[in-house]
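Accompanying notes for the structure given below.
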Amino acid sequence: MDDCLFCKIIRGEIPSAKVFENDDVFAFKDINPQAPVHVLIVPKKHVANALEGADAGIMDGLMRAAAQIAREQGLAENGFRLITNCGRDGAQSVNHLHFHLLGGKQLPERMA
Ligand code: AMP
């Protein structure tokens, strides 16, 4: 996708603070962090969101990457939150599937 923000980050056309990359997944620090650790985990293949085209292969790659990044970021002992926003009511602002990995502090119990 030529004008997708996260596709441009994956291609290196927009700088990012990369924390993980393999053949299928790219992960980088959120530019507006909401926790001491706030990493965005995205598939390299452009998929709009959790409703569109997120097949088992993509989800497996994202979840495996999330677990590895969580360990590398020191979140394994105390835990973390892994969420994806979808569509208007989900407050999705970038239309490229991504998971937010949040941790490094006690997160609020309520999510909405
Ligand atoms: P969402 O609202 O779930 O679509 O999440 C999009 C996230 O992308 C937000 O948390 C933004 O802070 C983050 N974001 C937007 N632009 C950038 C960027 N250039 N680099 C890193 N994170 C970004």
_Selection count, segment 1-18, where residues are more than 11 Å from the ligand (Cβ to nearest atom) and surrounded by 18 or more Cβ atoms within 10 Å (Cβ to Cβ)_ = 2
*Residue check for L97: touching a Gly at 6+ places or on another chain (Cβ under 7 Å), free of Cβ contacts under 8 Å to residues at least 60 places away in the same chain and either within 21 Å of P15 (Cα to Cα) or more than 16 Å from the ligand (Cβ to nearest atom) (or both)*: no
_For the list (1) touching a residue at least 12 places away in the same chain (Cβ under 8 Å); (2) out of contact with any helix residue (DSSP H, G or I) (no Cβ under 9 Å at 6 or more places or on another chain); (3) under 16 Å from N95 (Cβ atoms); (4) more than 13 Å from the ligand (Cβ to nearest atom), I need the number of the one condition that P36 fails._
(3)
*If you go through segment 42-80 one residue at a time, how many are of a type in the set (S, T, N, Q), surrounded by 15 or more Cβ atoms within 10 Å (Cβ to Cβ) and farther than 25 Å from G12 by Cβ?*
0
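Any read-out appearing in this document is the output of simple, stated calculations on the displayed coordinates, not a laboratory observation. Model, not experiment: these values are computed from the prediction. Virtual Cβ from ideal backbone geometry, glycine too; neighbours counted across all protein chains shown.
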